[in-house]
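Data first, discussion second: the structure below is written as structure tokens.
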């Protein structure tokens, strides 16, 4: 009986190690990146320059609950979902 439990532990050990490696190399960094992005979205304010997921570089005119009113380089205004903000622009 003791031999079987030792075999079970030794056979599960590589799977546990593989899951731990997978967690620390893929899952944890992805969660950290998502948290940072969510914080960045919450901190957006009027006058910030942003880059959208489509690559547009625009300036925020007004911050709403779910949307941003943004101004393009030709001063045309657009409504943009906060979900499509990629990053802050310098």
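Values for this structure:
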read-out: Those residues of segment 62-76 which are loosely packed, with under 12 Cβ neighbours inside 10 Å and in contact with a strand residue (DSSP E or B) (Cβ under 7 Å, 6 or more places away or on another chain), in sequence order; value: 66
read-out: Residue within segment 57-70 that is within 19 Å of residue 33 (Cα to Cα) and not assigned by TED's automatic domain parsing to the domain that holds residue 33 present; value: no
read-out: Subset of segment 75-86 [over 7 Å from residue 50 (Cβ atoms) and within 12 Å of the chain's Cα centre (by Cα)]; value: 83, 84, 86
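Let's see how each residue does on (1) surrounded by 11 or more Cβ atoms within 10 Å (Cβ to Cβ); (2) part of a helix (DSSP H, G or I); (3) touching a residue at least 12 places away in the same chain (Cβ under 8 Å):
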position: 5; (1), (2), (3): no, yes, no
position: 13; (1), (2), (3): no, yes, no
position: 20; (1), (2), (3): no, yes, no
position: 37; (1), (2), (3): yes, yes, no
position: 44; (1), (2), (3): yes, no, yes
position: 47; (1), (2), (3): no, no, yes
position: 60; (1), (2), (3): yes, no, yes
position: 80; (1), (2), (3): yes, no, yes
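The values are calculated or read from the model by the stated rules, or taken from the named source; none is laboratory data. For clarity, every value in this text was computed on a predicted model and none was experimentally measured. Cβ atoms come from the backbone with ideal geometry, glycine included; neighbour counts cover every protein chain shown.
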